[in-house]
Each structure stands twice: as C-alpha cells, then as structure tokens.
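The values are calculated or read from the model by the stated rules, or taken from the named source; none is laboratory data. Because the structure is predicted, anything quoted here is derived from the model rather than measured. Counting neighbours? That spans all protein chains shown, and the Cβs are built from the backbone with ideal geometry, glycine included.
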Amino acid sequence: MKKVLIAGATGWVGKELSKAIISSADYTLVGGLSRSNAGADLAHILGIDHAPIPLFDSIAKALESITFDILIDFTSPKIAMGNIVSAINSGKNIIVGTSGLSDEEYERIGSLADEKKVSVLAAGNFSITAVLLQRFSETAAKYINHFEIIDYASEKKVDAPSGTVAELAYRLSKVQKPTLDVTIEETIGVKETRGASINGIRVHAIRLPGHILGVETIFGMEDEKLTIKHEAGSGVAPYLKGIFIALNKINTFKGLKRGLDTIMDF
Ligand SMILES: NC(=O)c1ccc[n+]([C@@H]2O[C@H](COP(=O)([O-])OP(=O)(O)OC[C@H]3O[C@@H](n4cnc5c(N)ncnc54)[C@H](OP(=O)(O)O)[C@@H]3O)[C@@H](O)[C@H]2O)c1
C-alpha cells in the first residue's frame with residue numbers, strides 16, 4: 001500500500017479525496033496538512049470510524065513526523081510551491097491539483113524533479129471530460145489559426161485565469177499562436193475588452209454567481225465557427241477519477257508532466 005499525504009486535506013477537494021483514499025484498496029492516507037485544524041484528527045473531522053490520521057500545519061512538520069510516498073497538493077498557489085519543493089527535496093512523488101502556479105514555477109519544479117529523479121504530475125483539471133476539451137482544442141488549433149478562450153467561474157473564485165484555462169492557453173500556444181487581424185495596439189476604444197494575453201492567447205475571465213467552472217474555446221474561420229465547451233457541476237467526483245489515474249501512473253515516469261492526458265491512453 002502506497003502512503004499518501006494530502007496537503008489541503010480539509011478543503012473542498014481534500015475532504016472527498018481523503019475519504020476516497022481511505023476507502024481504496026491500494027493507497028493509505030497517513031496524514032494531511034491544514035493550518036486551522038493542525039493537531040486535530042482528520043478521521044474525526046471527516047466523521048468516519050477510522051484510526052486517527054494526523055493533521056500538520058506545515059510540510060516540514062509532516063516530514064519530521066511521518067513517512068509517506070506521495071504528496072497530493074490541493075491548497076492554494078501561495079503555499080503549494082513550498083510544499084512541492086520540500087517534497088521533491090525529500091524524494092517524494094507529487095500530484096499537484098492546486099491551480100495558479102506560474103510557468104516559471106513549473107520550470108523550476110521540472111528542473112528540481114529531474115535532478116532528484118522524482119515524478120511530478122500537475123493538472124489544472126483532473127476531470128476526464130475537461131481533458132477531452134483540451135485534446136479536442138489542440139487538434140482544432142492545428143487547423144484553425146483564429147481562436148480565443150472564455151473562462152467561466154463563480155463570483156467567489158479568487159484566481160484568474162483558472163488553472164484549467166492557464167494550462168489550456170499554455171498548451172494551445174505550443175500548437176500555434178493565434179493570428180490577431182486587428183492587434184491590441186491597433187484597437188480603437190477600450191483595449192482591455194479584447195481580454196488578457198496568456199501565452200499569446202486572448203483569454204476572457206467571467207466571474208458571476210450561478211456559474212461553477214467552465215471553459216470555452218472559440219475558433220473562427222471564414223464563414224464558419226467552432227465552439228468547444230466544458231462545464232463542471234458542483235461536485236468533486238469528476239476530479240477524483242482523474243486523481244486516481246494519476247496515483248496509478250505516478251511511478252511510470254520521472255520528472256514533471258503537465259496535464260492528465262500526458263499519462264492517459266489516447
Ligand atoms: N486540478 C483540479 O482538477 C482542481 C479541481 C478543483 C480545485 N482545484 C484547485 O485546488 C485548490 C484547492 O481547492 P479547494 O476548492 O479544495 O480549496 P479549499 O476548499 O479552500 O481548501 C484548501 C485547503 O488547503 C488548506 N490550506 C490552505 N493554505 C494552507 C497553508 N498555508 N498550510 C496548510 N494548509 C493550507 C486549507 O486548510 P486551512 O485553511 O485550514 O489551512 C484547506 O484544507 C485550488 O487551487 C483550486 O483551484 C483544482
């Protein structure tokens with residue numbers, strides 16, 4: 001049984017992921033990170049009948065106190081980088097779900113993972129249907145050089161673009177940079193209405209009540225258009241499936257891989 005530590009074990013994703021790992025046959029949950037519940041028993045917080053699972057307020061304390069094989073991080077971009085670097089330096093494999101880390105941070109994570117010969121799988125979205133949106137969008141971007149992205153989320157989401165959209169923009173930029181027939185500089189009026197450039201791709205973030213998480217890639221060609229859209233519901237179930245794919249594959253490569261599809265069969 002591989003031993004797992006979840007950073008963010010008391011969060012929206014972390015709680016359901018903790019329960020799923022506890023019920024799995026192949027993995028055991030040996031601890032969690034949470035500032036507000038440090039010192040408490042995660043099993044008690046989850047309301048399940050289980051031996052105590054310790055919660056720590058920092059990865060340093062977890063590394064001193066318990067042994068684990070895999071760190072899964074679902075915290076916030078402010079804390080995730082420190083967790084990841086400490087875990088890599090301690091030879092642990094890592095699954096990163098936290099959104100908002102920059103490309104520069106990922107470059108550093110990649111170099112460190114290569115140096116320490118550990119595996120890091122980072123995905124802005126662990127939902128399999130969101131991964132299909134990425135794949136279909138990449139295929140379309142090979143043939144169509146005019147495209148933009150819309151990022152939908154609730155009014156409470158603090159980071160923009162979402163991790164899903166940041167990853168999608170990064171990946172589409174590797175296929176090709178879209179053409180802007182009227183550049184931003186040439187735009188007359190309010191230039192910001194053209195959105196922000198993320199890796200050379202125009203992204204428009206909508207933050208409104210009633211919206212959960214969605215992403216839309218819009219392609220345009222002369223006299224025709226194509227829209228590829230993914231919308232998540234309000235539950236955690238879609239992410240859990242993808243995280244278990246990552247857990248089962250994390251030992252099959254070394255270094256950093258970005259995107260769940262990099263370890264899926266297509
Ligand atoms: N990749 C995907 O498929 C996917 C899916 C959903 C969400 N996400 C991303 O995953 C992240 C977490 O989402 P969520 O909705 O679960 O967030 P959440 O409900 O706010 O939970 C965050 C968790 O992290 C802990 N935490 C935050 N700062 C910490 C710190 N400094 N030290 C220790 N623990 C800390 C929190 O506990 P304390 O407050 O007690 O510290 C809590 O347990 C976000 O970046 C979100 O965008 C990714």
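Within segment 232-257, the set of residues being in a strand (DSSP E or B) and either assigned by TED's automatic domain parsing to the domain that holds LEU132 or within 11 Å of the ligand (Cβ to nearest atom) (or both) comprises just one member, ALA232. Got at least one residue in segment 22-31 being in the same structural domain as ALA246 (by TED's automatic domain parsing), under 30 Å from ALA205 (Cα atoms) and within 15 Å of the ligand (Cβ to nearest atom)? The answer is no, given that none of the residues of segment 22-31 is in the same structural domain as ALA246 (by TED's automatic domain parsing), under 30 Å from ALA205 (Cα atoms) and within 15 Å of the ligand (Cβ to nearest atom).
Report yes if some residue within segment 67-87 is surrounded by fewer than 17 Cβ atoms within 10 Å (Cβ to Cβ), outside any helix (DSSP H, G or I) and touching a helix residue (DSSP H, G or I) at 6+ places or on another chain (Cβ under 8 Å); otherwise report no. So far as segment 67-87 goes, no, none of its residues is surrounded by fewer than 17 Cβ atoms within 10 Å (Cβ to Cβ), outside any helix (DSSP H, G or I) and touching a helix residue (DSSP H, G or I) at 6+ places or on another chain (Cβ under 8 Å). On the stretch given as segment 88-119, residues that are outside any helix (DSSP H, G or I), more than 23 Å from VAL165 (Cβ to Cβ) and not small (Gly, Ala, Ser) total 4. A count restricted to segment 1-31 and to residues that are crowded, with 19+ Cβ neighbours inside 10 Å and assigned to a strand (DSSP E or B) stands at 8. Checked against (1) closer than 19 Å to PHE126 by Cβ; (2) hydrophobic (A, V, I, L, M, F, W, C); (3) out of contact with any strand residue (DSSP E or B) (no Cβ under 8 Å at 6 or more places or on another chain), MET221 meets all criteria but (1).
Filtering segment 32-42 down to residues that are surrounded by 20 or more Cβ atoms within 10 Å (Cβ to Cβ) and either in a loop (DSSP other than H, G, I, E, B) or of a type in the set (A, V, I, L, M) (or both), which residue is farthest from the ligand (Cβ to nearest atom)? Per the criteria, the residue is LEU42. Residues of segment 101-156 that are surrounded by fewer than 16 Cβ atoms within 10 Å (Cβ to Cβ), within 25 Å of LYS78 (Cα to Cα) and within 12 Å of the ligand (Cβ to nearest atom): SER154, LYS156. Pairs needed: first member in segment 46-65, in contact (Cβ under 8 Å) with a residue 40 or more places away in the chain; second member anywhere, surrounded by fewer than 16 Cβ atoms within 10 Å (Cβ to Cβ) and part of a helix (DSSP H, G or I); C-beta distance under 8 Å; at least 6 residues apart or different chains. Pairs found: ILE59/GLY82.
In the set (1) within 16 Å of the chain's Cα centre (by Cα); (2) touching a residue at least 24 places away in the same chain (Cβ under 8 Å), the condition left unmet by VAL118 is number (1).
Here is a yes/no grid of residues against (1) in a loop (DSSP other than H, G, I, E, B); (2) acidic (Asp, Glu):
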| site | (1), (2) |
| --- | --- |
| GLU167 | no, yes |
| THR179 | yes, no |
| THR183 | yes, no |
| THR193 | no, no |
| VAL203 | no, no |
| GLU216 | no, yes |
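Only a single item in (1) closer than 16 Å to GLY163 by Cα; (2) modelled with pLDDT of 95 or more; (3) among the charged types (D, E, K, R) is not met by LYS78, and it is number (2).
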